[in-house]
């Protein structure tokens, strides 16, 4: 009659497995309160926020410099002109649904129109620099941007692109009041 070696006995394996599970559970139970104490908004299933302000929540939860670099244009637009409308060329990558969602949620844009026009040559001689109220450098996560506004509360912006001295493009949101009267009539907006 042969005997089963001790290491292979089913009861012993079960005991070892249960011991490992119990140890892992104990570590979790001890660590979780410490984690929640240090960063509760990251680990609770439902966090309570002081407001439903998405830009504020995004800036508090994430690395603020990354959020500002990636979503700077939308965040600046939310500060300069919440509730405004936006006209941007249908050929731009910003017209994709994710970018539209960012502009409407973080940028607080009410409507986005996307007619067909060339944002680089549209009003090519227009210099927005004297009217810029907000700008960002961009970086590896986002493009450089500027927002040009006439006096008063802007209601609608047109997205233009201008070339920088280094050859990069900057997205410029221009208050439609800065453009000549009827400038947008031919675009079907």
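Worth pointing out:
- Counting neighbouring Cβ atoms within 10 Å and putting the fewest first, the residues 103, 73 line up as 103, 73.
- Rounded to 5, the percent of DSSP beta bridges in the stretch 54-182 classed as antiparallel: 50 percent
- Each residue in 127, 143 was given a count of other beta-carbon atoms within 10 angstrom of its own, and listing them fewest first yields 127, 143.
- Overall form of the stretch 128-189 per C-alpha gyration tensor (a/c, 1.5; a/b vs b/c): prolate
- Taking other C-beta atoms within 10 Å as the exposure proxy, 157, 126 rank 126, 157 from fewest upward.
Read the figures in this text as sums done on the coordinates, not as results from a lab. Predicted, not measured: the structure shown is a model, and the values here were computed from it. A quick note on method: Cβ atoms are made from the backbone with ideal geometry, for glycine too, and the neighbour counts reach across all protein chains shown.
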